[in-house]
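The values are calculated or read from the model by the stated rules, or taken from the named source; none is laboratory data. Just so we're clear, the structure is a prediction, and the values are computed from it rather than from any experiment. All Cβ positions, glycine included, derive from the backbone under ideal geometry; neighbour counts span all protein chains shown. Surface accessibility is based on the protein's heavy atoms, side chains included, excluding ligands, DNA and RNA. Shrake-Rupley method; radii C 1.70, N 1.55, O 1.52, S 1.80 Å.
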Amino acid sequence: MGRKERREREQKRESYATQRSSAKRKNTLIAIGVLAVIGAIVAYASWMFVTMDQNAPGGPENAGALGSAHSHAAISVKIFGDEFDFSSPSYQIKSPYIHFEGRDGSTIHKHATGVTLGYLFDSLNLIVDDQCFIFQDGRSFCDNEDYSIKFFVNNMEVDDIRPVEIQEDDRVLISYGGETAEEIKEQLEKVNNQIIVK
């Protein structure tokens with residue numbers, strides 16, 4: 001074997017070693033770059049989590065942070081004496097702030113301060129004000145000469161249910177129709193005896 005062949009082989013080995021070393025260096029730099037980007041993303045996400053105000057998007061304007069309250073209240077909605085059922089899936093957990101859950105339609109669960117019953121009904125796409133109760137499908141029950149809507153919180157009649165913020169073990173009655181005082185008393189007794197699911 002001549003010197004020329006030996007030199008060519010050495011040059012090939014050096015060239016191969018240089019190429020491998022260069023490829024390793026390139027792969028190492030790519031891996032470091034990828035890890036740096038992932039680290040930056042994790043750091044940013046952590047910073048955002050720590051500094052955010054804990055409010056879910058789309059929440060009520062004056063609500064406290066989620067978890068700032070955990071209150072339960074019984075509710076009964078009577079339309080011409082018939083109980084309205086909030087246990088169907090279309091009324092379950094529509095907002096993390098205040099909702100019905102667990103296929104129960106008689107207990108309101110509130111998870112933040114400053115959340116009113118008006119926000120609950122808005123989240124359920126129900127229109128409830130001091131004169132009407134309007135369902136998702138457009139059926140409306142409004143005050144007229146013969147029938148009216150009445151609101152009670154803990155046996156006390158209130159003019160408007162929307163601004164009411166429930167507290168633990170509150171009892172809420174919404175009644176529409178032409179009920180007598182005795183019939184209202186029976187409805188109040190029923191809501192007062194409801195089991196509050198916690």
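May I ask you to verify whether residue 94 is assigned to a loop (DSSP other than H, G, I, E, B), of a type in the set (D, E, K, R) and either free of Cβ contacts under 8 Å to residues at least 40 places away in the same chain or on the phi < 0 side of the Ramachandran plot (or both)?
yes
(1) farther than 30 Å from residue 163 by Cβ; (2) at pLDDT below 75; (3) open to solvent by 100 Å² or more (accessible area, probe 1.4 Å); (4) not charged (D, E, K, R): which one isn't true of residue 29, the others all being true?
(2)
Being more than 21 Å from residue 193 (Cβ to Cβ) and modelled with pLDDT of 95 or more, is that true of even one residue in the range 103-110? Break it down stepwise before answering.
So the first thing to find is which residues in the range 103-110 are more than 21 Å from residue 193 (Cβ to Cβ), and the list is 110.
Now restrict to residues that are modelled with pLDDT of 95 or more: 110.
Looking for residues that are more than 21 Å from residue 193 (Cβ to Cβ) and modelled with pLDDT of 95 or more, one finds at least one in the range 103-110, hence yes.
Look at residue 106 and say whether it is farther than 18 Å from residue 70 by Cα and either open to solvent by less than 40 Å² (accessible area, probe 1.4 Å) or in contact with a strand residue (DSSP E or B) (Cβ under 9 Å, 6 or more places away or on another chain) (or both).
No; evaluated as a whole, the condition is false for this residue.
Restrict the check to the range 142-151 and report whether at least one residue is under 24 Å from residue 69 (Cα atoms) and modelled with pLDDT of 95 or more.
Yes, there is a match, as at least one residue in the range 142-151 is under 24 Å from residue 69 (Cα atoms) and modelled with pLDDT of 95 or more.
Count, please, the residues in the range 57-78 that happen to be open to solvent by 20 Å² or more (accessible area, probe 1.4 Å) and either within 20 Å of residue 154 (Cα to Cα) or outside any loop (DSSP other than H, G, I, E, B) (or both).
Final tally of qualifying residues: 1.
For the subset of the range 140-168 comprising residues that are surrounded by 13 or more Cβ atoms within 10 Å (Cβ to Cβ) and under 17 Å from residue 125 (Cα atoms), which member is nearest to the chain's Cα centre (by Cα)?
By that ranking, first place goes to 162.
Taking residue 137 and the conditions (1) open to solvent by less than 70 Å² (accessible area, probe 1.4 Å); (2) assigned to a loop (DSSP other than H, G, I, E, B); (3) charged (D, E, K, R), which numbered condition does it fall short on, given that it satisfies the others?
All conditions are met except number (1).
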